[in-house]
Amino acid sequence: MNTVLLASNRGPVSFTHADDGTLTMRRGGGGVVSGLSEVVKDADVLWVCAALSDGDRSAVRLAPGGRLDQAGYDTGPVRMLDIPPATFHRAYNAVANSTLWFVNHLLYDTPNSPQFDTRFRREWESYQDYNAAFALALAEEAAHGARVMVQDYHLTLAPAMLRVERPDLRIAHFSHTPWAPPEYFSLLPDDIAAELLTGILGADQAGFLTARWASAFMDCCEALLGAHVDRVQRTIGYEGHLTRIGVHPLGVDGDALWARASEPDVESHMAALRERVGDRKLIVRIDRTELSKNIVRGLSSYRQFLTDHPEWHGKVVHLAFAYPSRHDLPEYREYTAAVQRCAQQIEDEFAGEDWDPLILNVDDDYARSLAAYRMADVLLVNPIRDGMNLVAKEGPILAPHCALVLSREAGAAAELGSDALLVNPYDVSGTANALHEALTLPEEERAKRGTRLRAAATALPPRQWFADQLAALGD
Ligand code: F6P
């Protein structure tokens, strides 16, 4: 039985079948996982996660009770849930990533607007089943009075389900995404919107990355549930239960990041990059190829900048890292193609014999990303909307003289906004102007801003972020 438990869709490890049929274990991917892996490494926290692939499912079947640590894997305490693949697919792809992600990032547009029909109802049932599987496992593993930290939009229903099973537990939910305003959130069917909100209100504490997302959640609870919201105390009362609202702006462990970024593989990527770009200025972006990251408008802004400022031709290179993401979904496959088309246009229009204006890398390589951060003169982070965006925090830590062009719709803008060049992510011309301003920002000004950006980026590293939330739940 465990006294602290963590629940998230992705876990700290994942498995693949090698050609000879054996299982190979790797570190799990994604922002939440990398932050939390550091945190729980030395603590006795049971991590409950889902099996995501056939490799994961094979590993679970070999592990007693799904406990990987008890099957001899060197993982720390981990229980992986073998949810039936079709249920998992509907819960993760259709509901979490195609619906909840789109709602909270305001991604629907007219040609791509949702239709909530009988098929969606079936998908919703799978999302309920998936959340119920987590609630059941947590109820089985938690010691009396244990603290349970439930993460993200995949698991919005689990807190209320768990409370029914185990009223003795202290439960927290944390949203790593933005939260939509009520007028947008209410495009969901009324019963589903209510179930999502009351699911989180089953927790004693609901955490958000910024005051803006916390406030949107409170607005939804008030407008759609008629809950009693106290904005001064930051509490929500609903059907006799009180949920405290917390704002915890996740930051970066600067020392750990520097330690990793000083390793030889990063240094050799830096040397190779320098060889390729010479002494040209570098505009860097690093993202998953994710619709909310707004990569196409970012590339269009660079194109506009090159059109407006021919004096920069041959003197600047845009290094755009756009790693594959969620290729099971057609929207993401189409978006990847759109990014590539846009990159090709820049190439066709501006490339010369001895100048490549754009280097687009689409394969994931962490060491190469760290090398790019270290060499950046300008970092472009222009999401349509983002819970936090840790790229905006990692860049200034590794590149002390780098100017940051940042979307005002990223959660990170709340802390970094006064030292970044803030842009409206839809405004391609405005972003093009900001790129020029960033490239021409005087050295002294960059250094001053860089010092303050670094301080803000490291203010709440993952370990402290997690400890604060545990403390808020009580001992
Ligand atoms: O932004 C919240 C988050 O959980 C990230 O940590 C993660 O990158 C993403 O959402 C989920 O992505 P995926 O679908 O690849 O797990």
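Read-outs throughout are calculated quantities, based only on the coordinates presented, and are distinct from any laboratory measurement. Keep in mind it's a predicted model, so treat the numbers as computed, not measured. Here the Cβ positions follow ideal geometry from the backbone for every residue, glycine too, while neighbour counts run over all protein chains shown.
Collect the residues in region 379-408 that are surrounded by fewer than 24 Cβ atoms within 10 Å (Cβ to Cβ), more than 14 Å from the ligand (Cβ to nearest atom) and closer than 13 Å to residue 431 by Cα, keeping them in residue-number order. Correct list: 408 only. Cβ-Cβ distances below 7 Å connect the following pairs, each with a first residue in region 300-326 that is within 13 Å of residue 355 (Cα to Cα), a second residue that is of a type in the set (Lys, Arg), and a separation of six or more residues or different chains: 315/280; 315/281; 316/280; 316/281; 317/280. Selection of region 130-157 for residues being assigned to a helix (DSSP H, G or I), in contact (Cβ under 8 Å) with a residue 40 or more places away in the chain and within 24 Å of the chain's Cα centre (by Cα) yields 130, 131, 133, 134, 138, 153, 154, 155.
Name the helices (runs of 4 or more DSSP H) wholly within region 1-109 that hold at least 3 residues that are more than 12 Å from the ligand (Cβ to nearest atom) and of a type in the set (D, E, K, R)?
Details: elements: 31-40, 54-62, 85-89, 101-104.
Fully inside region 1-109 and qualifying: 54-62.
Screening residue 123 with (1) within 26 Å of residue 65 (Cβ to Cβ); (2) touching a helix residue (DSSP H, G or I) at 6+ places or on another chain (Cβ under 8 Å); (3) charged (D, E, K, R) gives one miss only, at (1).
Pairs are defined by a Cβ separation below 6 Å, a sequence spacing of at least 6 or placement on different chains, a first member in region 94-105 that is touching a residue at least 60 places away in the same chain (Cβ under 8 Å), and a second member that is assigned to a helix (DSSP H, G or I) and within 10 Å of the ligand (Cβ to nearest atom); the pairs so defined are 96/153; 96/154; 100/153; 105/292. Of everything in region 127-157 that is within 16 Å of the ligand (Cβ to nearest atom) and polar (S, T, N, Q), the residue that is nearest to residue 174 (Cα to Cα) is 151. When 415, 445 are checked against the criterion of being under 28 Å from residue 175 (Cα atoms) and out of contact with any Lys or Arg (no Cβ under 8 Å at 6 or more places or on another chain), a single residue qualifies: 415. Among the conditions (1) among the acidic types (Asp, Glu); (2) without any contact (Cβ under 8 Å) to a residue 12 or more places away in the chain; (3) in a helix (DSSP H, G or I), residue 279 misses just one, which is (3).
Can you name the strands (runs of 3 or more DSSP E) wholly within region 165-276 that have at least 3 residues being of a type outside the set (Val, Ile, Thr) and either within 30 Å of residue 400 (Cβ to Cβ) or touching a residue at least 40 places away in the same chain (Cβ under 8 Å) (or both)? Reasoning before the result, please.
Working: elements: 170-174, 205-208, 228-230, 235-238, 241-247.
Hits in region 165-276: 170-174, 205-208, 241-247.
Looking across 92, 73, one residue alone is more than 30 Å from residue 474 (Cα to Cα), of a type in the set (Ser, Thr, Tyr) and more than 25 Å from the chain's Cα centre (by Cα). It is 73. With respect to (1) surrounded by fewer than 20 Cβ atoms within 10 Å (Cβ to Cβ); (2) within 30 Å of residue 270 (Cβ to Cβ); (3) over 19 Å from the mean Cα position of the chain (by Cα), the lone exception for residue 458 is condition (3).
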